[in-house]
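Just below is one structure, and these are the notes that go with it.
The values are calculated or read from the model by the stated rules, or taken from the named source; none is laboratory data. What you see is a predicted model; the values in this text were computed from it and never measured. The area values use the complete protein model at the heavy-atom level, side chains included, leaving out ligands, DNA and RNA. Shrake-Rupley method; radii C 1.70, N 1.55, O 1.52, S 1.80 Å.
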Amino acid sequence: MSEEVNTQEAPATEPENNEPQISLADFSATLQVIDVCTQRGAFRGEELSSVGQLRDRINAFVQHHAPAKEEGEATEEATEEVAEETAE
């Protein structure tokens, strides 16, 4: 009697060290979450300045690291493109 053992190998695309990864697209998605929450009134008035400051810092990070457009200029459009790539 022989038993067959099925072993599944992990996909080659996963990092071997299981270190958490975050991308520019994740930051763009965070900006979208903040915008949606703000539009829906999820924050109290006293929280708005803190949320706005956080949003500004994340937006500056994304703009700085986004692929540059013509003449080396990163714009909101580049940020939106990264966010769209994430959604796909």
Once phi is turned into ³J(HN,Hα) by the Karplus curve 6.51 cos²θ - 1.76 cosθ + 1.60 with θ = phi - 60°, what whole-Hz value does each residue of the stretch 43-52 show in order, with x for glycine and proline?
10, 7, x, 5, 8, 4, 5, 5, 5, x
Could you go through the stretch 26-42 in sequence order and give the Karplus-derived ³J(HN,Hα) for each residue, using 6.51 cos²θ - 1.76 cosθ + 1.60 with θ = phi - 60°, rounded to whole Hz, and x for Gly and Pro?
5, 5, 5, 5, 4, 4, 5, 5, 4, 4, 5, 4, 5, 4, 8, x, 7
With DNA, RNA and ligands ignored, accessible area of residue 27 (1.4 Å probe; Å², nearest 10):
60 Å²
Tell me, in nm to one decimal, what length is gained between residue 23 and residue 68 on full extension, where the rule is 0.36 nm per residue of separation less the Cα-Cα distance?
14.6 nm
